Amino acid sequence: MHEAPLLRVRDLTKQFGEACSSCDGGENLEKNYCPTCGTVYACQNISFDLYPGEILGIVGESGSGKSSMMQCLYFDSEVTSGAVYLDHIPALAGKNVFTLSSQQKRAIRNQQYGMVYQNPIRGLKMDFSSVGNIAEKLIAAGNRHVGDMEAVSKSLLEHVHIPLFRMKEEPRNFSGGMQQRVQIAKALSNNPPILFLDEVTTGLDLSVQANVLDLIKGIQRDLGISMIVVSHDLAVIRMLADRTIVMLNGSIIEDGLTDQILEDPQHAYTQQLVYSLL
């Protein structure tokens, strides 16, 4: 790809614990855990680029660090060290967004990012109507026109196949699949160039999973949004991702085109993952 990346992640590290002389620098760890002081290195020097219009898959077992990484990228969690660059925004070119003020980070979340959580309770207010949830995100992004907000909300709910006669209903009355679709509509409401999807099909029935994945693929095709899709399920990554990163114990152990990784995995862990799918 000759285009400039939309998002550049460099040496993202997230640790839980103070570290000690025994584990500082990543030595003497058992997997990503220090038996001496109990520090967990959830992410260790993660680096990658996300390009315009690309879906990047992040795959790995529970505890591999993929969700911790996502929480750092979306500012849900403080990063220990590392840098993220959004060079497509002239005012931020060359600036590490992790070092910005909380107000600036909030502006990035509201205007540049969309997030769809594994558990819709984290992404939706369950006692607001579906329209109210979308309006909340639009207001955060600076919209003040009620008519516009209602029009955008209706259009998005139709886009994610929520019947408009239910738009005033609260998501707590909806099925898991419908809640995820409302969450996707909310995440898209500010036209974000970058969408984060964290285990969005986990816990859904297979037929519902297929519907949600079709919807995500369609959105990417129609809107050209760049996405980072985190999953422990290689079948989800196979369906969605152009490129894939494989994580284990907080580190990237393999990355490449999705087809390449699925057809010719190099690392023993990736081979195990792929063969378990066959």
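The values are calculated or read from the model by the stated rules, or taken from the named source; none is laboratory data. Only a predicted model underlies this, so the values are computations on that prediction, with no experimental measurement involved. Every residue, glycine among them, receives a Cβ derived from its backbone with ideal geometry; neighbour counts consider all protein chains shown.
Brief remarks follow.
- Residue match in segment 215-229 (condition: surrounded by 21 or more Cβ atoms within 10 Å (Cβ to Cβ), within 30 Å of Ser155 (Cα to Cα), touching a Ser or Thr at 6+ places or on another chain (Cβ under 7 Å) and not hydroxyl-bearing (Ser, Thr, Tyr)): no
- Entry remark, segment 77-94: residues being touching an Asp or Glu at 6+ places or on another chain (Cβ under 9 Å) and surrounded by 16 or more Cβ atoms within 10 Å (Cβ to Cβ) number 2 in total.
- Residues of segment 10-64 that are surrounded by fewer than 22 Cβ atoms within 10 Å (Cβ to Cβ) and of a type in the set (Val, Ile, Thr): Thr13, Thr36, Thr39, Val40.
- Selection of segment 96-134 for residues being free of Cβ contacts under 8 Å to residues at least 40 places away in the same chain and among the hydrophobic types (A, V, I, L, M, F, W, C) yields Val97, Phe98, Leu100, Ala107, Ile108, Ile121, Val131.
- Verdict on Gln183 being crowded, with 17+ Cβ neighbours inside 10 Å and within 24 Å of Leu50 (Cβ to Cβ): yes
- Residues within segment 126-163 that are surrounded by fewer than 20 Cβ atoms within 10 Å (Cβ to Cβ), over 24 Å from the mean Cα position of the chain (by Cα) and not in a loop (DSSP other than H, G, I, E, B), tallied: 6
- Any pair with Cβ under 8 angstrom, 6 or more apart, that starts in segment 215-227 at a residue that is part of a helix (DSSP H, G or I) and at pLDDT below 90 and ends at one that is surrounded by fewer than 19 Cβ atoms within 10 Å (Cβ to Cβ) and among the polar types (S, T, N, Q): Leu223/Asn191
- Residues that are surrounded by fewer than 19 Cβ atoms within 10 Å (Cβ to Cβ), small (Gly, Ala, Ser) and closer than 26 Å to Leu12 by Cβ, drawn from segment 230-266: Ser251, Gly256
- Residue selected from segment 186-212 under the condition assigned to a helix (DSSP H, G or I) and of a type in the set (Val, Ile, Thr), by the criterion surrounded by the most Cβ atoms within 10 Å (Cβ to Cβ): Val212
- Only one of Tyr269, Tyr275 that is modelled with pLDDT under 95, aromatic (Phe, Trp, Tyr) and within 27 Å of Val84 (Cβ to Cβ): Tyr269
- Some residue of segment 236-244 being assigned to a loop (DSSP other than H, G, I, E, B) and under 16 Å from the mean Cα position of the chain (by Cα): yes
- Any hit, segment 14-26, residues being out of contact with any strand residue (DSSP E or B) (no Cβ under 7 Å at 6 or more places or on another chain), closer than 20 Å to Gln112 by Cα, assigned to a loop (DSSP other than H, G, I, E, B) and of a type in the set (A, V, I, L, M): no
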